[in-house]
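The values are calculated or read from the model by the stated rules, or taken from the named source; none is laboratory data. For clarity, every value in this text was computed on a predicted model and none was experimentally measured. Cβ coordinates were reconstructed from backbone atoms using ideal geometry, including for glycine residues, and neighbour counts include every protein chain displayed. Ligands, DNA and RNA are stripped out before the accessible areas are found, and what is left, the full protein with its side chains, is counted by its heavy atoms. Shrake-Rupley method; radii C 1.70, N 1.55, O 1.52, S 1.80 Å.
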Amino acid sequence: MNKNPKNNRFVVIDGNSLINRAYYAIQRPMMTKEGLYTQGVYGFLNMLQKIQSDYNPAYLTVAFDRKAPTFRHLEYSEYKADRKGMPPELAMQLPLLKEVLDAMKIKTLEIDGFEADDIIGTVAKRAEAEGFEPLIITGDKDALQLASSKTKVIITQKGISQFESYIDQDIIEKYGFTPEQFIDYKGLMGDQSDNIPGLPGVGEKTARKLILEFGSVANLIDQIENISNEKLRNKIKDNIQLAIMSRRLAEIETNVPIETNFSEFILEEPDYEKLIEIYRRLEFNSFLKKLRPETLPSCTSGIKPQIIIKKPAQLFALEKSIKKNNTITLKVFSDNNHKDIPEIYGISILTDDLYFYLDSYKNDMKEALEELFHRFDVKIIGHQLQSDYYALMCKGFSNWSPKVVFDTAIAQYLLQPERSSYELGTLSMEFLYKDFKDLASFATDEGQIGFLENNEAHYDTYGAQWCETVLELKTFLEQRLLDEGLISVFKEIELPLIPVLASMEVEGFAIDKKELQDAGQNLREQLDKLTALIYEYAGKEFNINSPKQLGDILFEKMKLPSGKKTKTGYSTSADVLEGIRGKHKIIDLILEYRTLSKLNGTYVEGLLPLIHKDGKIHAHFQQTVAATGRISCTEPNLQNIPIRQELGRKLRRAFIPQDDDFILVSADYSQIELRVLAHMSQDPSLIQSFNEGADIHRTTASKVFGVSESQVTSLQRSNAKAVNFGVIYGMSSFGLSAELNISRREAENYIKEYFRKYTKVKEFLDIQVAFCKQNGYVTTIMNRKRPVHEINAANYMVRQAGERLAMNSPIQGSAADIIKLAMIRCHEQLQRENMKSRLILQVHDELIIQASKDELKRVESLLVENMENAVKLEVKLTVDLNTGSNWYELT
């Protein structure tokens, strides 16, 4: 224990108040993989860190309420009777918070018969008498009565990071009376939240006036005849006892029978071992990172003997080691450059008995290493191996596709697909309790300046730690995959996909730069015309891209109907502008301007700098972003090139084969998500329609509208299509009515009729929601799990969103699994047959291959065969084939 505190500042925290504010401040539910809600504890700890940072106290305690009735309940049975109970998602977090505080060695206080306010008041008064500087932290303004020249009351404001401080003088300046008179003030006006009655008809304004005139409830009663307002005077006379009782209920007790040994409140070093275990269980990785580095063991124990390899002749030791066991742990140090050929700075390889570091990667070295890997059919373990594969393949590993046997980032992604980060350092702290620093930190700690090439001398040591950490994590995560039933999707889909995605990145997509520049010029000319027209209607020039200036033009100058004005001005969001379409021609022009501006900025100006020296764009495909299992594409996002707008679709003309010997071939699954729904729901009508090759939207229209298929109108088919896809996404009647511009009653009838005809679909969706509520996740056909924390949220809107996720995720996730399996099959067959054609892009349900013209027929049959037979479903999987000299011709 620290016997010499650094100051006499003593923070007393209202635990119930702060965790309650923290819980409601964080909108999205936070839940661990074990099903523990944590956002209240998380927000509380963030506030605690801010409090300690802002006020630097030497003493600290946290007071809590107990469930037992207090003396106030015994005096007035209606006290707090109307207050809603704590939601179960928050109630379960109180024991967790107390466990964290115990590990932090922060003293907590609670006692039957009294509220946290009373404990706080008692501790603050005793602390002040002992010469301390008390600081009360709460969200409850009742505590203002405790303020003095020495005791500061700090009220939490909106969110969890804003505080407002009061001493006695501040209260006098704000209210005109003292903290003690604040009790009388509350007694007169009452408190609706606590169900303190106060005087009937007396609100804040009248209560304040009475306190300023009479000073207290007691004086008011003594001088009741001096009240000039007869009606008020009679009301007070009739309710004197009510006023006295209300004041008593409002007063905080400052003499609670609780022990206050101030030496127990001194802040100490936490019990780090216990705290690390709790943070790990609660998945508070950000707090783990903030612990003092020396409290965590580093990842340096057990590093095997090291061999530095500088030339191919030295590879014999590696060859000998691989010969014993052909499984290695790999880390490639490169700049992972997607705009140019990446530079490799070194390669770390960990075998069963030795650690090797290759600090040279010239042509002779890479040829020797590739030959060695091929000869012994090397199997790879790593973390985020796709970037390692990409670097090696870019540097000459031709047709290199060694088997991946484990990737710790991918493993954790399957276990927790909703995470935002899968960094090795984070996982190391979370599961191994070890401090594994990133390379930048490592280099700084070693006294080096700069990054990457300036630190080559330290790659060997860092690489050894990396490989050892990966190997330790593998043991832990492999068992968890087995326990969770995820090993099949891991081994059959995610691991084989790694070299496929790396190959697609290496191959890239060729760009006709002039076509792209011409498209940009065309867009800019149209934007100039739109700008002139907008200025003409507005009557002046202004910055169309400025929401404030646009809001002033539309809603101040032109007097168009607007939403509520905020502190920052009028909203000019797409929803607002869509709502006033037709009110003035300028609205259509602004919406068109925004569309063209985004096309030019994102898909012309944004794409041009990303063209590689080889004339291609090498986008980055990511496995660990979408919780549904879908692949994401970044730098740039080629999956998001517009298709619905003709101008956007024309931008695809710039995407071409690499030369005249090649042609583009696309294969697109036909209505795969609806087919997955038919299979998973086992609905006989849907299955029959698909297997007979029927037009599913026409069939649905026939069933929903009660007409023969030959009588279905184009509008009815279009509406049925919206219903078909709306069902997949859990669309409500409100959403469908907005989509189709029909009444909500009509939309409700459409949905009811749909479920009456497709009864198994309704049953399937209900089962998914029920299963998710009970288990906290849903699964795909391949047993991929999607956690849905929102499903049991107290907030209705959040819970509804969770139910929609529970309905859609099994369908979308299964479709993602199927396309991944198809990619793996197509890629591997292209390699087996030693073809020049390459898979270059996946856009959700579509694959694009750059096909050598002399291999075109084989590529087409290969695509159809592998995509349609990726999995066996109750319905046929069908694909639509297209060929073209650019991407536009494939759509």
Query raised in the report: Out of all the residues in region 321-328, is one or more modelled with pLDDT of 85 or more, within 30 Å of K613 (Cβ to Cβ), open to solvent by less than 30 Å² (accessible area, probe 1.4 Å) and of a type in the set (S, T, N, Q)?
Result: no
Report summary line: Residue hits (region 481-529; surrounded by fewer than 18 Cβ atoms within 10 Å (Cβ to Cβ), in contact (Cβ under 8 Å) with a residue 60 or more places away in the chain and farther than 21 Å from R653 by Cβ) are E484, G485, S488, E492
Report task. Might you check whether a residue that is among the aliphatic types (A, V, I, L, M), part of a helix (DSSP H, G or I), at pLDDT 80 or above and open to solvent by less than 40 Å² (accessible area, probe 1.4 Å) occurs anywhere in region 299-313? Result -> no
Query raised in the report: Only one of (1) open to solvent by 60 Å² or more (accessible area, probe 1.4 Å); (2) of a type in the set (G, A, S); (3) not in a loop (DSSP other than H, G, I, E, B) fails for G735. Which number is that?
Result: (1)
Query raised in the report: Which of the following residues is on the phi > 0 side of the Ramachandran plot and under 35 Å from the mean Cα position of the chain (by Cα): N46, N56?
Result: N56
Report task. Taking only region 785-834 into account, find how many residues are within 19 Å of the chain's Cα centre (by Cα) and among the basic types (K, R). Result -> 4
Query raised in the report: Applying the selection to region 74-132, what residues are hydroxyl-bearing (S, T, Y) and not in a loop (DSSP other than H, G, I, E, B)?
Result: T108, T122
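Conditions (1) over 17 Å from Y758 (Cβ atoms); (2) out of contact with any Leu (no Cβ under 8 Å at 6 or more places or on another chain); (3) without any contact (Cβ under 8 Å) to a residue 12 or more places away in the chain; (4) of a type in the set (D, E), marked per residue:
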{"site": "Q711", "(1), (2), (3), (4)": "yes, yes, yes, no"}
{"site": "L715", "(1), (2), (3), (4)": "yes, yes, yes, no"}
{"site": "V727", "(1), (2), (3), (4)": "no, no, no, no"}
{"site": "F734", "(1), (2), (3), (4)": "yes, yes, no, no"}
{"site": "L740", "(1), (2), (3), (4)": "yes, yes, no, no"}
Requested in this report: Check off (1) modelled with pLDDT of 90 or more; (2) surrounded by 15 or more Cβ atoms within 10 Å (Cβ to Cβ) for D588 and give me the number that stays unchecked.
Outcome: (2)
Report summary line: Checked against (1) more than 14 Å from I580 (Cβ to Cβ); (2) open to solvent by less than 60 Å² (accessible area, probe 1.4 Å); (3) not in a loop (DSSP other than H, G, I, E, B), L533 satisfies every condition except (2)
Report summary line: Counting only residues in region 269-280 that are under 25 Å from F10 (Cβ atoms) and assigned to a helix (DSSP H, G or I), the one most open to solvent (accessible area, probe 1.4 Å) is identified as K274
Query - Only one of V202, V153, V217 that is of a type in the set (A, V, I, L, M, F, W, C) and within 43 Å of the chain's Cα centre (by Cα) - result: V153
**Report entry** Cross-chain or 6+ apart pairs with Cβ under 6 Å, region 118-145 first and under 30 Å from Q192 (Cα atoms) and open to solvent by 10 Å² or more (accessible area, probe 1.4 Å), then among the polar types (S, T, N, Q) and in a helix (DSSP H, G or I)
**Finding:** G139/S17; D140/S17
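Which of the helices (runs of 4 or more DSSP H) contained wholly in region 537-610 include at least 2 residues that are within 20 Å of E525 (Cα to Cα) and of a type outside the set (S, T, N, Q)?
On the way: elements: 547-551, 574-579, 585-600.
Passing ranges, in order: 585-600.
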Report summary line: Within region 474-510, residues being within 21 Å of N336 (Cβ to Cβ) and in contact with a helix residue (DSSP H, G or I) (Cβ under 6 Å, 6 or more places away or on another chain) number 9
Query raised in the report: Just one of E709, E692 is closer than 16 Å to L873 by Cβ, open to solvent by 50 Å² or more (accessible area, probe 1.4 Å) and over 37 Å from the mean Cα position of the chain (by Cα); which is it?
Result: E692
Report summary line: Those strands (runs of 3 or more DSSP E) completely within region 752-849 that have 2 or more residues that are free of Cβ contacts under 8 Å to residues at least 60 places away in the same chain and open to solvent by 60 Å² or more (accessible area, probe 1.4 Å) are none
Query raised in the report: Any idea which of (1) in contact (Cβ under 8 Å) with a residue 40 or more places away in the chain; (2) over 30 Å from T780 (Cα atoms) is the one K559 doesn't satisfy?
Result: (1)
Requested in this report: Select from region 24-43 the residues that are hydroxyl-bearing (S, T, Y) and open to solvent by 20 Å² or more (accessible area, probe 1.4 Å) and write down the one among them that is nearest to the chain's Cα centre (by Cα).
Outcome: Y42
Requested in this report: Please go through region 329-346 and pick out each residue that is over 22 Å from L473 (Cβ atoms) and open to solvent by 40 Å² or more (accessible area, probe 1.4 Å).
Outcome: D335, N337, K339, D340, I341, E343
**Report entry** L45 out of contact with any Asp or Glu (no Cβ under 7 Å at 6 or more places or on another chain), aliphatic (A, V, I, L, M), outside any loop (DSSP other than H, G, I, E, B) and over 21 Å from L291 (Cβ atoms)
**Finding:** no
Report task. Please enumerate the residues belonging to region 634-653 that are free of Cβ contacts under 8 Å to residues at least 60 places away in the same chain and out of contact with any Gly (no Cβ under 8 Å at 6 or more places or on another chain). Result -> T634, N637, N640, R644, Q645, E646, G648
Report task. Hey, can you tell me all the residues within region 1-15 that are more than 15 Å from P57 (Cα to Cα) and crowded, with 24+ Cβ neighbours inside 10 Å? Result -> D14, G15
Query raised in the report: Quick one: would you say D352 is without any contact (Cβ under 8 Å) to a residue 40 or more places away in the chain, farther than 27 Å from I617 by Cβ, of a type in the set (D, E) and out of contact with any Cys (no Cβ under 6 Å at 6 or more places or on another chain)?
Result: yes
Report task. For residues that are modelled with pLDDT of 60 or more, among the acidic types (D, E) and not in a helix (DSSP H, G or I), tally how many sit in region 433-481. Result -> 2
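Residues checked against (1) among the hydrophobic types (A, V, I, L, M, F, W, C); (2) assigned to a strand (DSSP E or B); (3) under 19 Å from F287 (Cα atoms):
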position	(1), (2), (3)
S17	no, no, no
R21	no, no, no
K50	no, no, yes
S53	no, no, yes
A68	yes, no, no
Report summary line: With criteria (1) among the charged types (D, E, K, R); (2) open to solvent by less than 60 Å² (accessible area, probe 1.4 Å); (3) at pLDDT 90 or above; (4) in a helix (DSSP H, G or I), D668 comes up short on (4)
Query - Residue that is free of Cβ contacts under 8 Å to residues at least 40 places away in the same chain and of a type outside the set (V, I, T), where the choices are E889, E865 - result: E865
